[in-house]
Amino acid sequence: MSTELPIYSIVAMATVTASLIAAIIAFVNLTLTKELKTSEFRQAWINSLREDLSIFFACARAFARATEEKHAFDKSPTEENSFKISSDKVSDMRYQVAEVYSRITLKLNHKEDEHEELLRLMKVAIQKQNEALKIKSDSTETMEAIEDATKYSRPLIKREWDRVKSGEPAFRYTRNSAIIGIIVLCLAVICFITYGVFK
């Protein structure tokens, strides 16, 4: 047996639904504002990381080549093998590699395996460079290690960009939940109006 409901129940139900939808939209807007700010910070972080990586790889290559030239000059100090880079410049490059490596270390998240792997590859490049300095060998192994780290960094940067484009996880979850909530509320109101008996 159906119970007749007063006609103003439609108005009351519509008011409550509108209020709930407004509250959901306000919550989504608040979350959106926060997550957009987070995305802005992440984008700035990616730009900064990419710049530091490019400095690290460029300086590491230049330093490796410079030390290789110096070793060749030390073995055969001729005009043909003249060492064109000053010792101060070589020292500056070495310092810059160390400085930018420290900056990158501080920027990467040590809880993420991909970030840890990039740091490991960069450390290998530094170790190869130190070994080449110690035994006065050429820069082949150092260059290969630098290239390995460079190749690994490209998809890592791209994944971080993709994360920015798709939005923060909290925002995606809130947005999807809000859409579902609004659809359910609207369907409930339609069912209420369609199947309800009013007087």
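The values are calculated or read from the model by the stated rules, or taken from the named source; none is laboratory data. Given the structure is predicted, the values throughout are model-derived calculations rather than measurements. Glycine also receives a Cβ, built like all others from the backbone with ideal geometry; neighbour counts cover every protein chain displayed.
Residues that are among the aliphatic types (A, V, I, L, M) and under 17 Å from ILE104 (Cβ atoms) within region 151-165 comprise LEU156, ILE157, listed in sequence order. For region 64-105, a tally of residues being at pLDDT 85 or above and closer than 19 Å to GLU131 by Cα returns 5. Would a scan of region 130-145 turn up a residue that is under 30 Å from ARG42 (Cα atoms) and among the β-branched types (Val, Ile, Thr)? Checking region 130-145: not a single residue is under 30 Å from ARG42 (Cα atoms) and among the β-branched types (Val, Ile, Thr). LEU108 meets all of the listed conditions (1) in contact with a helix residue (DSSP H, G or I) (Cβ under 8 Å, 6 or more places away or on another chain); (2) modelled with pLDDT under 85; (3) of a type in the set (A, V, I, L, M, F, W, C) but one, namely (2). Just so you know, in region 125-138 the residues that are more than 31 Å from the chain's Cα centre (by Cα) and of a type in the set (Gly, Ala, Ser) include one that is modelled with the lowest pLDDT, and it is SER137. Evaluation of THR142 against the conditions (1) surrounded by 14 or more Cβ atoms within 10 Å (Cβ to Cβ); (2) modelled with pLDDT under 90; (3) in contact with a Ser or Thr (Cβ under 8 Å, 6 or more places away or on another chain) shows that the sole unmet condition is (3).
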